[in-house]
There are 2 protein chains.
Amino acid sequence: MTATRRAGSETRAEILRVALELFTERGFEGTSIRDLSEALGMTKSSLYYHFEGKEAIIQALLASRRAEVDELLEWIDGQEPGPELLRRAALRWVDSTGRERILGMRFAHANGPTMARLAAQGGTRGWFDEAITRILGPDAPMPSRLRARMAFDTVSAALFAAQGQPASEADVLAAARAATIALTAPD
Amino acid sequence: MTATRRAGSETRAEILRVALELFTERGFEGTSIRDLSEALGMTKSSLYYHFEGKEAIIQALLASRRAEVDELLEWIDGQEPGPELLRRAALRWVDSTGRERILGMRFAHANGPTMARLAAQGGTRGWFDEAITRILGPDAPMPSRLRARMAFDTVSAALFAAQGQPASEADVLAAARAATIALTAPD
DNA sequence: GTCTATACGAAGATAGAC
DNA sequence: GTCTATCTTCGTATAGAC
């Protein structure tokens with residue numbers, strides 16, 4: 001935030017990268033600090049130098065995800081409201097999906113209970129609720145809200161559908177895009 | 001299978017019921033044998049009398065899920081192939097969703113890595129692949145396969161979308177049904 | 001910043017009495 | 001079938017040297 005500082009915590013970034021990978025593959029609870037430190041080629045203790053604990057790592061992971069949703073919210077605020085805003089917003093979200101976000105989604109998917117727990121305390125939950133309320137208005141009926149939410153979640157759904165399948169990332173994103181369009185078709 | 005036996009394992013069923021609940025809420029890895037036995041009002045040791053271990057419990061849970069997919073496969077085999085079979089089959093699946101299956105889906109969703117692990121060894125993975133191959137034929141391109149799979153998975157997706165939302169089960173099923181229809185619309 | 005060593009509790013699982 | 005120990009392993013976390 002305060003511009004230039006010393007280079008310093010490159011290790012931190014590396015830890016986060018590997019943690020995201022392992023937590024996604026084996027789940028948060030299924031990954032021990034041991035596993036993580038071994039994958040990083042350092043000892044557990046060194047890990048504790050960089051992060052207060054396992055919990056701090058997942059929180060840091062979440063924070064970087066949060067930024068993307070904030071960007072979406074800002075974009076929505078700058079748009080003209082209207083019946084096609086939902087599709088435009090959802091497609092914008094889907095089309096801006098990159099490697100990191102895919103990993104984040106796989107992660108979220110692989111860690112349902114953990115995410116729910118963090119949501120309960122922190123403020124994870126509601127990131128998208130906020131977006132949907134701004135698009136549909138505060139009085140939209142639940143079925144519409146659910147359908148809108150599903151239109152945003154198509155990448156996650158396509159990822160799920162592709163599990164165990166020889167599907168490329170491009171296949172997944174294409175399926176997601178098509179689904180978003182289908183789910184936001186006018187009645 | 002061999003018809004009437006002594007009443008016996010009513011406890012087994014009770015264990016499975018509670019296990020499904022806890023594994024779904026807290027995740028498989030996040031639920032200890034302790035937690036489970038306490039929720040059941042018995043000791044860990046008693047649990048071990050009924051099941052060989054934690055792993056055996058989850059396997060039993062999976063087996064009962066398997067039956068429903070088999071039923072779907074059989075139904076598909078009895079149908080006339082054609083371009084609308086996908087929609088009919090997917091709607092049949094969605095419309096036959098009951099309490100138990102919803103729990104099973106929440107469970108699967110809450111336990112991604114565990115499910116993947118079981119899939120790798122046992123034969124979990126591929127239950128739906130089989131159905132989709134029978135419907136679309138063995139040569140269907142990947143994007144079509146993914147989309148078809150997503151059409152079956154709408155309940156799961158709607159459940160995900162409804163997390164943290166004051167949505168009723170009816171809302172969820174309605175959203176799922178609408179999504180299945182949208183996803184199986186003819187080009 | 002990274003290491004060795006270790007404390008401490010919780011987890012899965014078993015033995016054997018009732 | 002259910003209980004009371006008890007074993008062993010693994011997990012998070014800390015102390016303190018280098």
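No lab work stands behind these numbers, since they all come straight from the coordinates. Computed from a predicted structure; not experimentally measured. With ideal geometry, Cβ positions are generated from the backbone for all residues, glycine too; neighbour counts draw on all protein chains shown.
Structure summary
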read-out: Sole exception among (1) within 14 Å of DNA strand C (Cβ to nearest atom); (2) out of contact with any Leu (no Cβ under 6 Å at 6 or more places or on another chain); (3) closer than 28 Å to B:ARG26 by Cα for A:SER37, by number; value: (2)
read-out: Hits in the range A:154-170 - residues which are outside any loop (DSSP other than H, G, I, E, B), more than 7 Å from every other protein chain (Cβ to nearest Cβ) and out of contact with any Lys or Arg (no Cβ under 8 Å at 6 or more places or on another chain); value: A:SER156, A:GLU169, A:ALA170
read-out: Those residues of the range B:142-181 which are farther than 23 Å from A:ALA116 by Cα and of a type in the set (A, V, I, L, M), in sequence order; value: B:MET142, B:LEU146, B:ALA148, B:MET150, B:ALA151, B:ALA174, B:ALA178, B:ALA179, B:ILE181
read-out: Close pairs (6 angstrom Cβ cut-off, 6 or more residues apart or separate chains): more than 18 Å from B:PRO113 (Cβ to Cβ) in the range A:30-43, in a helix (DSSP H, G or I) and of a type in the set (Gly, Ala, Ser) anywhere; value: A:THR43/A:SER37
read-out: Out of B:ALA151, B:ALA110, B:ALA176, B:ALA167, sole residue that is of a type in the set (Gly, Ala, Ser) and without any contact (Cβ under 8 Å) to a residue 24 or more places away in the chain; value: B:ALA167
read-out: Set A:ARG149, A:ARG92, A:ARG101: member being under 11 Å from the mean Cα position of the chain (by Cα) and basic (Lys, Arg); value: A:ARG101
read-out: Residue within the range A:81-104 that is touching a helix residue (DSSP H, G or I) at 6+ places or on another chain (Cβ under 7 Å), closer than 20 Å to B:ASP171 by Cβ and within 9 Å of another protein chain (Cβ to nearest Cβ) present; value: no
read-out: Flag for A:ALA179 being within 16 Å of A:MET105 (Cα to Cα) and either surrounded by fewer than 16 Cβ atoms within 10 Å (Cβ to Cβ) or within 7 Å of chain B (Cβ to nearest Cβ) (or both); value: no
read-out: Contacts under 8 angstrom Cβ, first residue in the range B:45-63 being within 14 Å of chain A (Cβ to nearest Cβ), partner near DNA strand C (Cβ under 8 Å from one of its atoms), 6 or more apart; value: B:LYS54/B:ILE33
read-out: Selected residue (only one of B:GLY137, B:GLY126 is at positive phi, more than 9 Å from every other protein chain (Cβ to nearest Cβ) and of a type in the set (Gly, Ala, Ser)); value: B:GLY137
read-out: Test set (1) among the basic types (Lys, Arg); (2) away from DNA strand D (no atom under 16 Å from the Cβ); (3) away from chain A (no Cβ under 14 Å) - B:ARG34 fails condition number; value: (2)
read-out: Per-region count, the range A:117-140, residues in a loop (DSSP other than H, G, I, E, B) and closer than 19 Å to B:PHE107 by Cβ; value: 0
read-out: In the range B:82-116, the residues that are surrounded by fewer than 17 Cβ atoms within 10 Å (Cβ to Cβ), part of a helix (DSSP H, G or I) and of a type outside the set (Lys, Arg); value: B:LEU85, B:ASP95, B:GLU100
read-out: Single residue of the range A:37-55 satisfying the filter (among the small types (Gly, Ala, Ser) and near DNA strand D (Cβ under 8 Å from one of its atoms)) that is farthest from A:ARG101 (Cα to Cα); value: A:SER45
